[in-house]
Amino acid sequence: MKAKCIFCGAPADLLCDSHLGWERMRGQMEKEAPNLVGIRHECVPMRYRLVHTCDAPLCRACAVSGGTVHAHLRSGTSIHESIDYCPGHGFGTMRRELTGLEAEAIRAEWRARARRQRETSVMAEGQPDMFGGEA
């Protein structure tokens, strides 16, 4: 079964890329750099961070485009990946350290809120007004 957009219920082919926060990759840090295990969260190198994103399913009509990443490979091929957000989400924050369970709770609350809003009221454009203003 294909995922449905959390805002309008149409078939979704995108996921929200908004950052919720990050989590330390403790097992990898202990093996590769045991001296870093006890450091403050703002000092953890990016290679030891697991980034949690919203990952809400979106259709192209509801998604807010954040641009496209283009990568040209040595083999002559290229990769194009779109960056998309839920209406009302921005890039998010990388300053917040959280666990995988906290990230899943945030995702579940966001999806439940979108589902409730979709069932009760829909804006003229067909998107729910989750933030009290324009999407």
Does I6 meet the test of being buried (at least 17 other Cβ atoms within 10 Å of the Cβ), at pLDDT below 90 and not in a strand (DSSP E or B)?
yes
When the residues of the range 95-135 are filtered to those that are among the aliphatic types (A, V, I, L, M) and modelled with pLDDT under 75, which remaining residue is nearest to C54 (Cα to Cα)?
M130
Only one of R49, R26, R74 that is over 30 Å from R115 (Cβ atoms), surrounded by 10 or more Cβ atoms within 10 Å (Cβ to Cβ), modelled with pLDDT of 85 or more and out of contact with any His (no Cβ under 6 Å at 6 or more places or on another chain)
R49
Just name the residue that is surrounded by the most Cβ atoms within 10 Å (Cβ to Cβ) out of those in the range 58-67 that are within 22 Å of T93 (Cβ to Cβ) and without any contact (Cβ under 8 Å) to a residue 60 or more places away in the chain.
L58
Inside the range 33-46, can you point out the residues that are free of Cβ contacts under 8 Å to residues at least 12 places away in the same chain, surrounded by 11 or more Cβ atoms within 10 Å (Cβ to Cβ) and out of contact with any helix residue (DSSP H, G or I) (no Cβ under 8 Å at 6 or more places or on another chain)?
I39
Those residues of the range 1-32 which are touching a residue at least 60 places away in the same chain (Cβ under 8 Å) and more than 30 Å from P87 (Cβ to Cβ), in sequence order
R24
Do we have S75 as in a strand (DSSP E or B) and among the polar types (S, T, N, Q) here?
no
Restricting the first residue to the range 79-100 and requiring it to be within 22 Å of C5 (Cα to Cα) and touching a residue at least 60 places away in the same chain (Cβ under 8 Å), which pairs with a second residue that is surrounded by fewer than 16 Cβ atoms within 10 Å (Cβ to Cβ) and of a type outside the set (G, A, S) meet a Cβ separation below 6 Å and a spacing of at least six or different chains?
S82/T68
Being within 11 Å of the chain's Cα centre (by Cα) and polar (S, T, N, Q) narrows it down to one residue among S75, S18; which is it?
S18
Being in contact with a helix residue (DSSP H, G or I) (Cβ under 7 Å, 6 or more places away or on another chain) and either aromatic (F, W, Y) or outside any strand (DSSP E or B) (or both) is the filter here; which residues of the range 12-28 pass it?
M25, Q28
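The values are calculated or read from the model by the stated rules, or taken from the named source; none is laboratory data. Since we're looking at a predicted model, the values are computed, not measured. With ideal geometry, Cβ positions are generated from the backbone for all residues, glycine too; neighbour counts draw on all protein chains shown.
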